[in-house]
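Encoded as structure tokens, the structure appears first; notes follow it.
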Amino acid sequence: MRARAGEYSQINAPRHSRIAGTGSDLPPLRLTNNDLVDMLARRGVETSDDWIVERTGIRARHFVGDDVNASDLATAAALRALEAAGRTAADVDLIIVATSTPDMVFPSTASIVQRKLGVFGCAAFDVQAVCSGFIYALSVADAMVKAGSANCALVIGSEVFSRLLDFDDRTTCVLFGDGAGAVLLEASDTPGVVATKLHADGRHLEILCTPGTVNGGKVFGDPLLKMDGPAVFKLAVGVLGDVANEVLELAGRTTSDVDWLVPHQANIRIMQSTARKLKLPADRVVVTVDEHGNTSAASIPLALDVAIRSGQIQRGQRLLLEGVGGGFTWGAALVDY
């Protein structure tokens, strides 16, 4: 029997965490490749819909307006996850937001989301692992639920990456979009998050970074995203395959036990290469990169919510979630949904 929010059904039983509900949010402004091509042409930057689709699989992305922040998208996604789970904000006793584009230097975006939800007193903090951020946040929340530190946790990925983009660099500005995704984890005596595995290697930090910082009221360094595309591709495909196998081994499972691969939606070629390495057919990979672009820490929970609400993912199925991002960070989670 699943535990209700704020309590646990069997005090002496092993504690697990299960996904009780999912939600997502996208800004209303949708830019197709052709919209972006026209915008870049006005800046003297040449690209095309064919060039973008061939290299990335992306056909559209969403951008926020000037008055919208990561906390706004995160709050909307969280409310939808709560509704899907049949819970209210009052049930929540942990909020973790994965983001690289926080509302401000401090306090945390999670604290701002907490205020917007009207919940006070529970733990709330951010996790910064760029595109792997949601996997990191999910792993932390799962551990806290299993330890008894939380019973009802909101785990959110939310990004406004459009504010980090250099629109004079066609190799990066076509890749990213804005959005948020959320899951509600609840304590349960039935396993849900079966296993997680996290990694980082700071030796590769230069290949994907936004190196600017704030000092004395001024921005020092470059505040726009920088990426070595070929280096990222090579490293990403290798580590994603490895960490997927690691988490399967931890769980005592194989790829044949996986119903759906829900990868970080970075680039269709990375996703396809990873699936081939894992010997998973393309029709078992959840793909939303074509409509959303790379939404960094939001991409996995956003794709998960889209697949669940469309009926693609069903209760009782086994999911392999994985992400890779700047840092260099990567991780995976095996989930019984």
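The values are calculated or read from the model by the stated rules, or taken from the named source; none is laboratory data. Every value quoted in this text rests on a predicted model; they were computed, and no experiment measured them. Here Cβ is always computed from backbone atoms with ideal geometry, including for glycine, and neighbour counts include all displayed protein chains. The area values use the complete protein model at the heavy-atom level, side chains included, leaving out ligands, DNA and RNA. Shrake-Rupley method; radii C 1.70, N 1.55, O 1.52, S 1.80 Å.
Output the residue which, of all residues in the stretch 142-168 that are under 14 Å from the mean Cα position of the chain (by Cα) and among the small types (Gly, Ala, Ser), is surrounded by the most Cβ atoms within 10 Å (Cβ to Cβ).
The extreme case among them is Ser158.
In the stretch 68-91, the residues that are free of Cβ contacts under 8 Å to residues at least 12 places away in the same chain form Cβ pairs under 8 Å with partners that are open to solvent by less than 10 Å² (accessible area, probe 1.4 Å) and assigned to a helix (DSSP H, G or I), at six or more places apart or across chains, as follows: Thr88/Leu82. Scanning the stretch 49-77 for residues that are open to solvent by 10 Å² or more (accessible area, probe 1.4 Å), of a type in the set (A, V, I, L, M, F, W, C) and assigned to a helix (DSSP H, G or I) yields Trp51, Val53, Ala76. Within the stretch 189-209, is there a residue that is in a loop (DSSP other than H, G, I, E, B), surrounded by fewer than 24 Cβ atoms within 10 Å (Cβ to Cβ) and among the hydroxyl-bearing types (Ser, Thr, Tyr)? Checked against the condition, which is being in a loop (DSSP other than H, G, I, E, B), surrounded by fewer than 24 Cβ atoms within 10 Å (Cβ to Cβ) and among the hydroxyl-bearing types (Ser, Thr, Tyr), the stretch 189-209 yields at least one hit. Residues that are touching a Gly at 6+ places or on another chain (Cβ under 7 Å) and small (Gly, Ala, Ser) were ranked within the stretch 210-231; the one that is least open to solvent (accessible area, probe 1.4 Å) is Gly212. Checked against the criterion of being modelled with pLDDT of 95 or more and either out of contact with any helix residue (DSSP H, G or I) (no Cβ under 6 Å at 6 or more places or on another chain) or hydroxyl-bearing (Ser, Thr, Tyr) (or both), the candidates Arg203, Arg170 yield just one match: Arg203. Selection of first residues in the stretch 249-268 that are in a strand (DSSP E or B) and of second residues that are of a type in the set (S, T, N, Q) and open to solvent by less than 20 Å² (accessible area, probe 1.4 Å), restricted to Cβ pairs under 9 Å at least 6 apart or on distinct chains, gives the following pairs, ordered by first then second residue: Leu261/Thr274; Pro263/Thr274; Pro263/Ser299. Here Val324 fulfils each of the conditions (1) closer than 23 Å to Leu198 by Cβ; (2) open to solvent by 10 Å² or more (accessible area, probe 1.4 Å); (3) of a type in the set (A, V, I, L, M, F, W, C); (4) free of Cβ contacts under 8 Å to residues at least 60 places away in the same chain apart from (4). Taking Ser111, is it closer than 27 Å to Val262 by Cβ and either open to solvent by 50 Å² or more (accessible area, probe 1.4 Å) or modelled with pLDDT of 95 or more (or both)? When the stated conditions are applied, Ser111 does not pass them. Does any residue of the stretch 313-328 turn out to be farther than 22 Å from Ala231 by Cβ, in contact with a Gly (Cβ under 9 Å, 6 or more places away or on another chain) and among the small types (Gly, Ala, Ser)? Scanning the stretch 313-328, I find no residue that is farther than 22 Å from Ala231 by Cβ, in contact with a Gly (Cβ under 9 Å, 6 or more places away or on another chain) and among the small types (Gly, Ala, Ser), so the answer is no. Being surrounded by 14 or more Cβ atoms within 10 Å (Cβ to Cβ), modelled with pLDDT of 95 or more and farther than 25 Å from Gly177 by Cα is the requirement here; does Arg253 meet it? It is true that Arg253 is surrounded by 14 or more Cβ atoms within 10 Å (Cβ to Cβ), modelled with pLDDT of 95 or more and farther than 25 Å from Gly177 by Cα. Entry remark, the stretch 116-127: residues being buried (at least 17 other Cβ atoms within 10 Å of the Cβ), of a type outside the set (Gly, Ala, Ser) and under 20 Å from the mean Cα position of the chain (by Cα) number 2 in total. Restricting the first member to the stretch 190-210 and to residues that are over 30 Å from Ile19 (Cα atoms) and touching a residue at least 60 places away in the same chain (Cβ under 8 Å), and the second to residues that are of a type in the set (D, E, K, R) and in a strand (DSSP E or B), the beta-carbon pairs closer than 9 Å and six or more apart or on different chains are Ile207/Lys226; Leu208/Lys226; Cys209/Lys226; Thr210/Lys226.
Determine whether the stretch 218-225 contains at least one residue that is among the β-branched types (Val, Ile, Thr), at pLDDT below 95, outside any strand (DSSP E or B) and out of contact with any helix residue (DSSP H, G or I) (no Cβ under 6 Å at 6 or more places or on another chain).
No: zero hits.
Ala90 satisfies every condition listed in (1) of a type outside the set (Phe, Trp, Tyr); (2) open to solvent by 20 Å² or more (accessible area, probe 1.4 Å); (3) within 19 Å of Ser108 (Cβ to Cβ) except (3).
In the stretch 269-291, the qualifying residues are those that are basic (Lys, Arg) and in a helix (DSSP H, G or I), and the one that is most open to solvent (accessible area, probe 1.4 Å) is Arg276. Just one residue in the set Gly157, Gly192, Gly212 is closer than 24 Å to Ala74 by Cα and in contact with a Pro (Cβ under 6 Å, 6 or more places away or on another chain); that residue is Gly157.
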